[in-house]
Amino acid sequence: MSPTGAVSGSGPARRLLSARNAVVAAATALALMLPLFGSNFFVEFVMTRTMILGIAAATIVFLAAYGGMVSLAQYLFAGVAGFMIGNAAVAQDAWSKGLKLGWNPWVAVVFALAVTTAVALVLGALASRTTGIYFLMITLTYAVIGYYVFGSITPLSGFGGITGIDPPGLFQDHPVRMYLALVVLSVLVYAAFRAVAATPFGIALQGIRDDPVRMASLGFNVSLHRTLAFTLAGFFAGLAGVFNVWWNGQIDPTSISIGPTLDLLIVAVIGGTLSLEGAWLGAFVFVVANNYLRNLPLVDRVGITEARFSTVVGVLVLLIMVLSPDGLAGIIERVRSGLSRPGRPSETSRPPSPPSDAPAGAAAGAGP
């Protein structure tokens, strides 16, 4: 089985997949029941923020694990959706910047996702011919451009941002409903990415990840596959952005600057860029660390102040990467392998193989 959790064979691999699905189902059930026994702060802030970051980070994991593309533009797409919601939904008589079109919130959602998807399609088409560090840098450039575009165009936002963005009546003054909706959305996003990976498009995308030259020689349109994958990831990042702006009630260019962009990458790295489940696991660790570690007793005695707390997160990421380049999901997989196969060589002692749900040969048979 690949680190992404898809089946590459039968027998034990199939049973392992069932066990993985059981863990995901149990985690989902626990998340849904959490409002019954969790504190308001933990549910409405920590876990709600975890779900938003998890959905956005899952788009990074999808592109990295299945397409071999590490993107730093995913928080930009979340921001684009948020700015479009702000411009479309804020009332005309509100004391806020933006176009203030005063649309119905649900119409604003459709508009925001349409714009976000179109932007992702255009930017993906431009970036699809690059790979590796060049793809990473061009997507980082997108993030920087987005920051200055929304900051410089005052009618859309300006550096002051847009305030007074209310969620629809279904979620207004009902933070638990928003949290539960995010849990359901997280499950749907997770299932959608897993389903896409099993389609001929997803298998071809994995073949392109492994050997783009060979796939191109077999007649596959490499750039088109990468562009469509990037667009799909942009759409789901936009969904995270919609809930993020509803949750915050405002958005400004600083919220999509380099800092939040790198934070999202850190979330993906903590959980593991080869595991979809790791996106939410990394988000949970990141949010908990940011909210609770700084309040530990006596931490100020060792120089950990508010201004230096980013150093703590950096050390945490470094420690996880030293223990497992595959993040927390990789550590959990190694522990599980050791417990389930006593007396046998661990999978970690075998030569590493790329995270593939099917070999490139199978991708070639999927059809362009």
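Using the Cβ-Cβ distance between VAL176 and MET321 with R0 set to 45 Å, the FRET efficiency from 1/(1 + (r/R0)^6) comes to roughly 0.80. Computed over protein heavy atoms with a 1.4 Å probe, the carbon and sulfur contribution to the accessible area of region 83-206 reaches 72%. The equivalent ellipsoid of region 20-364 has semi-axes of 32, 27, 19 Å, largest first, where each one is the square root of 5 times an eigenvalue of the Cα gyration tensor. Per-residue SASA remark: THR199, around 50 Å² accessible (1.4 Å probe; ligands, DNA and RNA not included).
Amide H contacts of LEU72 (H built 1.01 Å from N, in plane; Pro and chain starts excluded): THR139, LEU140 sit under 5 Å, all sequence-distant by 5 or more or on other chains.
Heavy-atom accessible area for ILE153, with the other protein chains in place and a 1.4 Å probe, reaches approximately 70 Å². Taking amide H positions as modeled 1.01 Å from N, with prolines and chain starts lacking one, the residues under 5 Å from LYS97 and 5 or more places away or on another chain are THR163.
Amide H to amide H, with H built 1.01 Å from N, GLY38 comes under 5 Å of no residue 5 or more places away or on another chain.
In the context of the full protein assembly, GLU44 retains an accessible surface of approximately 60 Å², using a probe radius of 1.4 Å and ignoring ligands and nucleic acids.
Once the chain from ALA94 to ASP211 is taken as fully extended at 0.36 nm per residue, the excess over their C-alpha distance is 36.8 nm.
The values are calculated or read from the model by the stated rules, or taken from the named source; none is laboratory data. Note that the coordinates shown come from a computational prediction; the quantities given were computed from them, not determined experimentally. Methodologically, a virtual Cβ is constructed for each residue, glycine included, from the backbone with ideal geometry; neighbour enumeration extends over all protein chains shown. For the accessible areas, the whole protein counts, side chains as well, though only heavy atoms, and no ligand, DNA or RNA atoms are used. Shrake-Rupley method; radii C 1.70, N 1.55, O 1.52, S 1.80 Å.
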